[in-house]
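Just so it is clear, none of the values below were taken in a lab; they were calculated from the coordinates. Nothing here was measured: the structure is a model prediction, and the numbers come from that model. So basically every Cβ, Gly included, is an ideal-geometry build from the backbone, and we count neighbours across all protein chains shown.
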Amino acid sequence: MTKNRLILGAVAGDIIGSAYEFDNVKTTEFNLFTRETYFTDDSVLTIATMEALLKKLDYTETYQKYGRMYHYRSYGGHFEGWLYEEKPEPYNSWGNGSAMRSSPIGWYCNTIEAVMEEAKKSAEVSHNHPEGIKGAQAVAAGVFLARKGKTKKEIREFIAKTFGYNLDRTLDEIRPGYEFDVSCQGSVPEAILAFLESDDFESAVRLAVSIGGDSDTIACVTGAIAEAFYGEIPAEIVDTVSVILGPDLLRGVIMPFSQKYGNIEKEDSL
């Protein structure tokens, strides 16, 4: 299967889900892009993780730098305060902010043990609650296993056994009563289930948004794993997402990260 030039699954999911975070839809039939579509904190911090890995930077400093550069992007209240602290400390959060930013680790690491350790490091600078760490590890592990060619059955079994997430439910069972939930334990398993029920990248993101709740983050997580599994994102989605992001983030971070860790040809250019 043809690989993407850019690793954009998490960012594309975030952007598509952004218009529906506070205006939930409970269907897969919706416009992928609207006038309200933009990139949120999920994209900003995913790209910050890429830069931290690419340049071997400190996570705290990199997250603070990006959060301050790209303000007003729907950061959680505690995290927004953390961004501007002179000596930031973790605040025992179990929020899904740790999970939505960890997917690049699944591309960066070469073993599942390294994935688990690096994801823990990325999470615990702010989200040092056990559930916050688990959420980051589950997403990064899902990406790693998907890009390594593991089957959906193998991915489901590993995540369920390792993290204790209930992946035996269906989205049809979850969707009617699902409400806004920013916890890792209340959103990461649902995002993984959207991937597991999908047929391709677009259907995965549509399923993720259809759950409702924290739509941009759920779609960000789903999109990250779906891209690693299916190997490509439809060109029209890539093109629109690229325009919304702009050239600085694409050329400055996403392209070099993709070249180094995604087996992207260096001669590809935007």
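Miscellaneous remarks
- The reciprocal of the average 1/r between distinct C-alpha atoms defines the Kirkwood hydrodynamic radius, which for segment 102-211 equals 14.2 Å.
- Pairwise Cα separations in segment 15-97 fall into 10 Å bins from 0 onward with the following percentages, short to long: 16, 42, 28, 12, 1.
- Residue-wise HN-Hα coupling along segment 189-194, computed from phi with Karplus coefficients 6.51, -1.76, 1.60 (Hz; x: Gly, Pro): x, 5, 5, 5, 4, 4
- Of all the options 85, 179, 124, the one that moves most in a Gaussian network model of the chain with Cα springs shorter than 10 angstrom is 85.
- According to the Cα-based calculation, Rg over Rh for segment 9-49 is 0.99, with Rh computed by the Kirkwood formula.
- Which of 84, 108 has the fewest Cβ neighbours within 10 Å, and the rest in rising order: 84, 108
- Segment 84-96 - phi-based ³J(HN,Hα) in whole Hz, Karplus 6.51/-1.76/1.60, Gly and Pro as x: 10, 6, 5, 10, x, 10, x, 10, 6, 8, 9, x, 7
- Multiplying the residue separation of residue 92 and residue 162 by 0.36 nm and removing their Cα-Cα distance gives an extension gain of 23.1 nm.
- Percent RCO, i.e. relative contact order, over segment 101-198, from Cα pairs under 8 Å lying at least 6 residues apart: 27
- For segment 7-14, 3J(HN,Hα) per residue [Karplus equation, 6.51 cos²θ - 1.76 cosθ + 1.60, θ = phi - 60°, Hz, x = Gly/Pro]: 7, 10, x, 5, 5, 4, x, 4
- This ranking places 109, 184 by how few other beta-carbon atoms lie within 10 Å of each, fewest first, which gives 109, 184.
- Legend: distances between Cα atoms for 150/260; 56/148; 87/260; pairs beyond 26 Å are 87/260.
- Under 18 Å from the Cα of residue 153 - lysines, other chains or at least 8 residues apart: 161
- Judged by the ratio a/c of the largest to the smallest principal axis of the C-alpha gyration tensor, segment 153-270 counts as prolate, that ratio being 1.5 or greater while a/b is larger than b/c.
- Against the rule of thumb 2.2 N^0.38 Å, how large the Cα Rg of the chain comes out: 0.89
- Over segment 25-170, the pair-distance histogram of Cα-Cα distances with 10 Å bins from zero comes to 11, 38, 33, 17, 1 percent, rounded to whole numbers.
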